[in-house]
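A.B. asks: Following this message is one structure expressed as structure tokens.
The values are calculated or read from the model by the stated rules, or taken from the named source; none is laboratory data. Small disclaimer: the values here were computed from a predicted structure and weren't measured. Cβ sites come from the backbone with ideal geometry, for glycine too, and all protein chains shown count toward neighbours. Areas reflect the complete protein model, heavy atoms only, side chains present, ligands, DNA and RNA absent. Shrake-Rupley method; radii C 1.70, N 1.55, O 1.52, S 1.80 Å.
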Amino acid sequence: MDRAGIDAAFIYRRESWGASSRVAWIDTEVRAGEGRGYEVPLVPPFRVTNQFWLEPVESLRIRFSHSYVASQYRGGDFTNSSSRVENYHLFGLGAELGVGPNGHVFLTVENLLDELYAGAVHGDNYYPGGEKLFFSSILFSF
């Protein structure tokens, strides 16, 4: 299999806010066998991850995130003859609160809009991506 691609990132920071974007483009091709000359299945040719954050007060950062994954061929479809797996967008929200000089509390929601999407597809078998997920964590440095 041949793979060629570009992975680029951009970050902009100001005193109380910032933004970042990461873009990955990949071009694939099967070199031999049944799928020679076709795209490699289950490899999306394009991915984007964006973040925007605000720090409205000292010790508090609020983060908004967006990710996009382009459509891709199903697993096992080496001749690229089946329909493609649909692209999808996911959004997230998070907060980080500084606690004292050495602590941080994190609260995060992934897949904020509870988007139903296929994380992977093999033939007619769909494997759903993650549902809305809430989690928290605490970090203390000593």
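A.B. asks: With the requirement that a residue be open to solvent by less than 40 Å² (accessible area, probe 1.4 Å) and either at pLDDT 95 or above or in a loop (DSSP other than H, G, I, E, B) (or both), what does the stretch 80-97 give you?
C.D. replies: Answer for the stretch 80-97, where residues must be open to solvent by less than 40 Å² (accessible area, probe 1.4 Å) and either at pLDDT 95 or above or in a loop (DSSP other than H, G, I, E, B) (or both): Asn80, Tyr88, Leu90, Gly92, Gly94, Ala95.
A.B. asks: Also, I was wondering about something else. Going by the conditions given, is Arg13 of a type in the set (Lys, Arg) and either more than 22 Å from Leu139 (Cβ to Cβ) or touching a strand residue (DSSP E or B) at 6+ places or on another chain (Cβ under 7 Å) (or both)?
C.D. replies: no
A.B. asks: Turning to a different aspect of this structure: Which residues, taken from the stretch 107-129, are within 16 Å of Leu54 (Cα to Cα) and open to solvent by 60 Å² or more (accessible area, probe 1.4 Å)?
C.D. replies: Matches in the stretch 107-129: Leu107 only.
A.B. asks: Here's another thing I want to ask about it. Name the residue, out of Tyr68, Tyr12, that is part of a strand (DSSP E or B), open to solvent by 60 Å² or more (accessible area, probe 1.4 Å), without any contact (Cβ under 8 Å) to a residue 24 or more places away in the chain and hydroxyl-bearing (Ser, Thr, Tyr).
C.D. replies: After applying the criteria, what remains is Tyr12.
A.B. asks: Taking the stretch 51-63, which residues are of a type outside the set (A, V, I, L, M) and exposed (fewer than 15 other Cβ atoms within 10 Å of the Cβ)?
C.D. replies: Pro56, Glu58, Ser59
A.B. asks: Here are Val40, Val121: which of them is more than 15 Å from the chain's Cα centre (by Cα), closer than 29 Å to Ala4 by Cα, assigned to a strand (DSSP E or B) and modelled with pLDDT under 95?
C.D. replies: Only one candidate qualifies: Val121.
A.B. asks: Looking only at the stretch 27-50, which residues are open to solvent by 60 Å² or more (accessible area, probe 1.4 Å) and of a type in the set (S, T, N, Q)?
C.D. replies: Within the stretch 27-50, just Thr49 meets the criteria.
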